[in-house]
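The values are calculated or read from the model by the stated rules, or taken from the named source; none is laboratory data. This structure is a prediction, so every number in the text was calculated from the model and none was measured. Please note that ligands, DNA and RNA were not included when accessible areas were found on the heavy atoms of the full protein model with its side chains. Shrake-Rupley method; radii C 1.70, N 1.55, O 1.52, S 1.80 Å.
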Amino acid sequence: MSDVSGLVPILEAALLAAGKPLTVANLSGLFEEHERPENTAIREALGTIAENCEDRGFELAEVASGFRFQVREQFS
């Protein structure tokens with residue numbers, strides 16, 4: 001799978017369901033080996049997700065242990 005737009009909803013769902021930050025390696029592991037996207041595609045999709053959150057009350061944040069959705073500081 002190399003279509004970044006197709007990755008976005010899969011990664012969003014995984015991040016919401018996980019309940020903890022996920023690394024690029026964790027996200028990559030969601031896919032069967034023959035369908036596994038490159039890490040660069042995952043990072044590009046994460047960038048798209050972050051852009052999609054710009055006008056929202058939450059954001060995609062990269063923390064030491066991976067990526068997670070969190071409430072923007074101004075609203076916490």
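For Asp55, the accessible surface of its heavy atoms amounts to roughly 150 Å² (probe 1.4 Å, protein chains only, rounded to the nearest 10). When a/c reaches 1.5 or more, the comparison of a/b and b/c decides; with that in mind, is region 1-57 rounded, prolate or oblate per its Cα gyration tensor? Note, shape of region 1-57 comes out oblate. Ligands, DNA and RNA are left out, and with a 1.4 angstrom probe the accessible area of the chain is 66 Å² per residue.
Heavy-atom surface analysis with a 1.4 Å probe gives the chain a carbon and sulfur content of 46 percent of its accessible area.
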